[in-house]
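Read the structure below first, then the notes.
The values are calculated or read from the model by the stated rules, or taken from the named source; none is laboratory data. Keep in mind the model is a prediction, meaning the values are calculated, not measured. Every residue, glycine among them, receives a Cβ derived from its backbone with ideal geometry; neighbour counts consider all protein chains shown. We work out accessible area using only protein heavy atoms, side chains counted, and drop any ligands, DNA or RNA first. Shrake-Rupley method; radii C 1.70, N 1.55, O 1.52, S 1.80 Å.
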Amino acid sequence: MVEEVVVFGVWVSPYSRRVETALRLKGVPYKYIEEDLGNKSPLLLKYNPIHEKVPVLVHNGNPIAESLVILEYIDETCPQGFPILPKDPYERATARFGSKFIDDKCMPAITQACWGEGEASDKAVEEATELLMFMENELKENRFFGGERIGMVDIAANIVGFWLGTFEQVTGVELMTRDKFPNLTNWSIEFVRNNVIKENLPPREEMISYLRKKRSAR
């Protein structure tokens, strides 16, 4: 990757943080632009006119949207250094599938379970528990989903590693306990302890304060 790398993001967004995490793991310097999604900048609308959302990575003037697409782009354009995707084709395909599983299945279920109401929330708690159990079993005895080092699935699972705990604290919904999910719990502790990950997470108390304000405004 050459010099001009810009990230448009939002500090509370796990999707934005994925991109910054990948760049930091690779050691790629970048400029960060914080967006106000209530008053989106002309540049964001220019670079992502279809979805009009973050994150967007702009590399030498060329915009790339969607966090998982950006992660693969970063890995391909900066192959040296920290590998985000494995080299083996089958393992790469498995990592892609696992990352999509988190976005398409886990994210909606966790969000609905924590922030929904009534019967829909109760149903989402059951669904989220089943999905987390799938992740629990996939981890087995590994330190990370990528084996002995952080990989694409771990970066995609940052909502489970960090955001879920803040959701639970604010809403009182309990999804991931050590008794039910010992592997996931150990993984989340190890994930957050990683120096690069830790430096790239929102301050926990600020995150909780933000979520409480958001909840009270509903």
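Residues satisfying the criterion are absent from segment 203-218 (criterion: outside any helix (DSSP H, G or I), touching a helix residue (DSSP H, G or I) at 6+ places or on another chain (Cβ under 6 Å) and on the phi < 0 side of the Ramachandran plot). For segment 40-58, check the following and say yes or no: at least one residue is in contact with a Ser or Thr (Cβ under 9 Å, 6 or more places away or on another chain), in contact (Cβ under 8 Å) with a residue 60 or more places away in the chain and over 25 Å from F134 (Cα atoms). Scanning segment 40-58 turns up no residue that is in contact with a Ser or Thr (Cβ under 9 Å, 6 or more places away or on another chain), in contact (Cβ under 8 Å) with a residue 60 or more places away in the chain and over 25 Å from F134 (Cα atoms).
Scan segment 31-43 and give yes if some residue there is more than 20 Å from F145 (Cα to Cα) and buried (at least 20 other Cβ atoms within 10 Å of the Cβ), otherwise no. Within segment 31-43, one or more residues are more than 20 Å from F145 (Cα to Cα) and buried (at least 20 other Cβ atoms within 10 Å of the Cβ). Counting only residues that are among the polar types (S, T, N, Q) and within 17 Å of the chain's Cα centre (by Cα), segment 82-100 holds 1 of them.
For segment 53-60, the condition holds for no residue, the condition being that it is surrounded by fewer than 17 Cβ atoms within 10 Å (Cβ to Cβ), closer than 16 Å to P14 by Cα and polar (S, T, N, Q). For I110, the conditions (1) within 27 Å of G147 (Cβ to Cβ); (2) in contact (Cβ under 8 Å) with a residue 60 or more places away in the chain; (3) in contact with a strand residue (DSSP E or B) (Cβ under 7 Å, 6 or more places away or on another chain) all hold with the exception of (3). Within segment 1-30, work out how many residues are closer than 17 Å to M152 by Cα, open to solvent by 40 Å² or more (accessible area, probe 1.4 Å) and not small (G, A, S). Adding up the residues that qualify gives 2. Considering only residues that are closer than 21 Å to L68 by Cα and part of a helix (DSSP H, G or I), which ones fall in segment 171-202? Residues satisfying the conditions are W187, S188, F191, V192, V196, I197, K198, E199.
Could you tell me whether F101 is open to solvent by 80 Å² or more (accessible area, probe 1.4 Å) and aromatic (F, W, Y)? Answer is no for this residue.
Rundown of residues vs (1) crowded, with 21+ Cβ neighbours inside 10 Å; (2) of a type in the set (D, E, K, R); (3) in contact with a helix residue (DSSP H, G or I) (Cβ under 6 Å, 6 or more places away or on another chain), yes/no style:
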| residue | (1), (2), (3) |
| --- | --- |
| A128 | yes, no, yes |
| N142 | no, no, no |
| R149 | no, yes, no |
| M152 | yes, no, yes |
| I155 | yes, no, yes |
| D179 | no, yes, no |
| L184 | yes, no, yes |
| F191 | yes, no, yes |
